[in-house]
Amino acid sequence: MVAYSWGLSNLGKGDEVLVSLMEHHSNIVPWEITAKIKGFTIKYANVHPDGTLDYDDFESKISKKTKIACLSHVSNVTGVINDVKRIGKVAHDNGALMLVDGAQSMPHMKVNVQDLDMDFLAFSGHKMLAPTGIGVFYGKKEVLEKMPPFMGGGEMIKEVSVSQGQCSVSWNELPWKFEAGTPNIGGAIGLGAAVKYLEALGMDNVLSHEKELTKYASERMKECSKVTVYGPSDLSKKLGIIPFGVKGLSSHDVALFFDNYGVMMRSGYHCAQPLHEIFKLESSARASFYIYNTQQEVDRFLEVLKEFEQL
Ligand SMILES: Cc1ncc(COP(=O)(O)O)c(C=O)c1O
């Protein structure tokens, strides 16, 4: 939405978009597509070998040419939490906007968009107990007001009138200007129910439950000599995601092995191939925790992990 609506109408030759190398492909590919159309430049900010953001590199790449800085709040590979407020301030001081990918932060912790002072934030419902195909796009009103619609259709217009072969169209108000067509009504009701459910649990409780499981699993994973955990060892810098590898095995074999024991995990690039290039990895296996996971389940995961020692 930001790349196509805001990007196509605001960016051109000589402009720069700054993105980090830990982004999910969904915060890289739309910029690459629109850069080909408009001729702007995309700059990539480095990530340290432990998966934390290289703040000096990110900040040194922000200049008056930068029109928008794009950063994930939390990495979907390592769980690393980024100080988006710090980056946003440098971006704003240079006249740039700040876009935050909140897909991995909103489901797990309290996020105050006004305090963080971000211009745009997006997140997906299916990572926070809601159905697929629904998400939230937040933007500052004054920025959204100036953006053209992303897509045309019903609901997003105020008036369409054809007179003597000439059509005049005016856009509806926010948020309808960005909501062409019949909305995903069922998805929106499901997302609303998920938000109420999470709020009733309390986001601080959601976060502390995940942190407890992550601490427990991380400590115990050290007992497995064939296992390498990627990402920062300082758990205060991350949320409940543990990417790892097992010596001599591909991540897909690892995930398949766990699957046989009823333990589900993701393997591959996790749609973040540039970060895996930094880690010099073909892929990784990823254990992740949410409110429905228990310590018994983590014990089961650790039991299976120990089986690799026998191979
Ligand atoms: C950090 C991050 N950003 C973006 C996305 C993309 O979300 P969606 O598939 O709902 O577009 C994901 C999901 O995999 C993610 O983890």
- Residues being hydrophobic (A, V, I, L, M, F, W, C), more than 16 Å from the ligand (Cβ to nearest atom) and under 30 Å from Tyr230 (Cα atoms) - total across the range 1-44: 3
- Do the conditions hold for Ser267, that is, is it among the polar types (S, T, N, Q) and within 16 Å of the ligand (Cβ to nearest atom)? yes
- Query: Looking at (1) surrounded by fewer than 14 Cβ atoms within 10 Å (Cβ to Cβ); (2) away from the ligand (no atom under 16 Å from the Cβ); (3) in contact (Cβ under 8 Å) with a residue 40 or more places away in the chain, can you tell me which one Thr132 breaks?
  - Reply: (2)
- Among the residues of the range 58-67, is any within 16 Å of the ligand (Cβ to nearest atom), in a strand (DSSP E or B) and outside the structural domain of Tyr292 (by TED's automatic domain parsing)? no
- Selected residue (only one of Ala103, Ala91 is out of contact with any His (no Cβ under 8 Å at 6 or more places or on another chain), buried (at least 16 other Cβ atoms within 10 Å of the Cβ) and in the same structural domain as Ser60 (by TED's automatic domain parsing)): Ala91
- Item | The lone exception for Pro274 - which of (1) crowded, with 19+ Cβ neighbours inside 10 Å; (2) under 25 Å from His126 (Cα atoms) it fails | (1)
- Filtering the range 96-129 for residues that are among the hydroxyl-bearing types (Ser, Thr, Tyr) and near the ligand (Cβ under 8 Å from one of its atoms) leaves a count of 1
- Message: I'm checking my understanding of the structure. Among residues of the range 1-36 that are β-branched (Val, Ile, Thr) and assigned to a helix (DSSP H, G or I), which one is nearest to Leu97 (Cα to Cα)?
- Response: Val2
- Query: Wholly within the range 138-253, which helices (runs of 4 or more DSSP H) include no fewer than the required count, namely at least 2 residues that are touching a residue at least 40 places away in the same chain (Cβ under 8 Å) and surrounded by 13 or more Cβ atoms within 10 Å (Cβ to Cβ)?
  - Reply: 185-201, 203-221
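The values are calculated or read from the model by the stated rules, or taken from the named source; none is laboratory data. Small disclaimer: the values here were computed from a predicted structure and weren't measured. Using ideal geometry, Cβ is built from the backbone for each residue, glycine included, and neighbour counts are taken over all protein chains shown.
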